[in-house]
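Chemist: Quick one: the structure is below, questions incoming.
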Amino acid sequence: MRFWFASLMALSAFTTANALEFRSAVKSGVVLYESPASTAKKVFLVSEGYPVEVVISQGEWLKIRDASGALAWGHLPDWSNKRTVMVLKEGASLYAKPEPTSPILSKLTKSVWFSLSEPSSSEKVAGWLKVQHKSGAIGWLKQSDVWGY
C-alpha cells in the first residue's frame, strides 16, 4: 500500500512539474536578458501582450521561451498571467465561429497576438480557441495557427 501511495505522489509531482505555464508581457519595451540579472546583456525587447512559455522560475526571474524557441531571462514583474496567443502563419483566418465553413472575419498577419477568451461550456470545440484582439474584435482561431496555449 505504501508503495502505491508513494508512486501516486511521485506521478502527481511529475505531472504538476510538467504543466506548461505561459505568460505575457505587461507593457511594450520589456527587456529580455542573457542571464537572470538586470546587469546582464540585453538580448531582446518585446511588446505588450507578447506570449512566452516559462521554462524555469528562479526567484524574481523567469527563464522563458518564445514562439521561435529562443531562450532568455525576464524579470518577473514584467510578466502577467494574462494568456495571449501569437499567430504563426501569414494569412491565418479569424473565424466568426469555431467551424472551418464559418465566415472569415479577417485574414491575419504573422506575429499578431490575441488575448484568450474563456468560451462558455457550450462553445468549447476541440482544436479551436476563442480570442479577442486589442481592437476589440472577437473570434475563433485554429489552435494549429497559433502559439502560446
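The values are calculated or read from the model by the stated rules, or taken from the named source; none is laboratory data. What you see is a predicted model, and the numbers here were worked out from it, not measured in a lab. Because the Cβ atoms are built from the backbone with ideal geometry, glycine has one as well, and the counts that use them run over all protein chains shown.
Chemist: For segment 97-122, which positions are farther than 11 Å from His133 by Cβ, under 22 Å from the mean Cα position of the chain (by Cα) and not charged (D, E, K, R)?
Modeler: Passing the criteria: Pro98, Thr109, Ser111, Leu116, Pro119, Ser120, Ser121.
Chemist: Exactly one of these conditions fails for Phe22: (1) aromatic (Phe, Trp, Tyr); (2) at pLDDT 50 or above; (3) part of a helix (DSSP H, G or I). Give me its number.
Modeler: (3)
Chemist: Next up: Filter segment 103-149 down to the residues that are in contact (Cβ under 8 Å) with a residue 24 or more places away in the chain, under 19 Å from Asp66 (Cα atoms), in contact with a Gly (Cβ under 9 Å, 6 or more places away or on another chain) and among the small types (Gly, Ala, Ser) and list them by number.
Modeler: Ser115
Chemist: Continuing with the same structure: Of all strands (runs of 3 or more DSSP E) completely enclosed by segment 30-149, which ones contain at least 2 residues that are closer than 19 Å to Leu20 by Cα and in contact with a helix residue (DSSP H, G or I) (Cβ under 9 Å, 6 or more places away or on another chain)? So that I can check it myself, show each step before the final result.
Modeler: Details: elements: 30-33, 42-46, 51-58, 61-65, 71-75, 84-87, 93-95, 104-107, 113-116, 128-132, 138-142.
Strands (runs of 3 or more DSSP E) meeting the threshold: 61-65, 84-87, 128-132.
Chemist: To continue, here is another question. Pull up segment 88-129, narrow it to residues that are out of contact with any Ser or Thr (no Cβ under 8 Å at 6 or more places or on another chain) and among the charged types (D, E, K, R), then point me to the one that is surrounded by the fewest Cβ atoms within 10 Å (Cβ to Cβ).
Modeler: Glu118
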